[in-house]
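The values are calculated or read from the model by the stated rules, or taken from the named source; none is laboratory data. Computed from a prediction, not measured in an experiment: that's the story for all the values here. In this analysis, Cβ positions are derived from the backbone assuming ideal geometry, glycine residues included, and neighbour counts consider all displayed protein chains. Each accessible area value is taken on the protein alone, full model and side chains, heavy atoms only, with ligands, DNA and RNA left out. Shrake-Rupley method; radii C 1.70, N 1.55, O 1.52, S 1.80 Å.
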Amino acid sequence: MDYRTVLTTCTYCGCGCGLYLEVLEGRVVGTIPCKTSPLNEGKLCIKGWNIHEFVHSPKRLTQPLMRKKRGA
C-alpha cells in the first residue's frame with residue numbers, strides 16, 4: 001500500500017493556505033491542514049477541508065474555456 005502526504009497550497013481563494021493532500025495508491029483521498037504554515041496556522045475553512053473531492057471529478061475542466069465572438 002502506497003500512502004504519502006504532499007504539501008501544497010489551497011487553490012480556492014487568494015489567501016494561499018498551506019495543506020497536505022493525502023495520497024493513497026496514486027489517488028488523492030483526504031486533506032490535512034499544515035500546522036507550520038504562518039498563514040493558516042493549522043486551520044482550514046470548509047472549502048480547504050474538502051479540496052480533495054474535486055480532483056478526480058469527471059466534471060472537472062480539463063482545458064480552458066474560450067469565449068467565442070458572436071456575429072460580426
Just to be sure I understand the model, the point goes 7 Å from the Cα along the line to the Cβ. What's the resulting Arg67 to Ile32 distance in nm?
4.3 nm
Stick to Cα atoms and the Kirkwood definition of Rh, then tell me Rg/Rh for the range 22-72.
1.22
Net charge over other residues, Cβ less than 12 angstrom from the Cβ of Phe54 (K, R count +1; D, E count -1)
+2
Per residue accessible area of the chain, 1.4 Å probe, in Å²
85 Å²
Let me know the number of lysine pairs in the chain closer than 24 Å at the Cα, not counting same-chain pairs under 8 apart.
4
What percent do you get for the relative contact order of the range 1-44 when only Cα pairs under 8 Å and 6+ apart count?
32 percent
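In the range 12-48, what GluC sites (Glu not before Pro) fall in a loop by DSSP, with at most 16 other Cβ atoms inside 10 Å?
Within the range 12-48, the qualifying GluC sites (Glu not before Pro) (loop, at most 16 other Cβ atoms within 10 Å) are Glu25, Glu41.
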Expected unfolding gain across Thr11-Glu25 under the 0.36 nm per residue rule, minus the alpha-carbon gap, is 2.7 nm
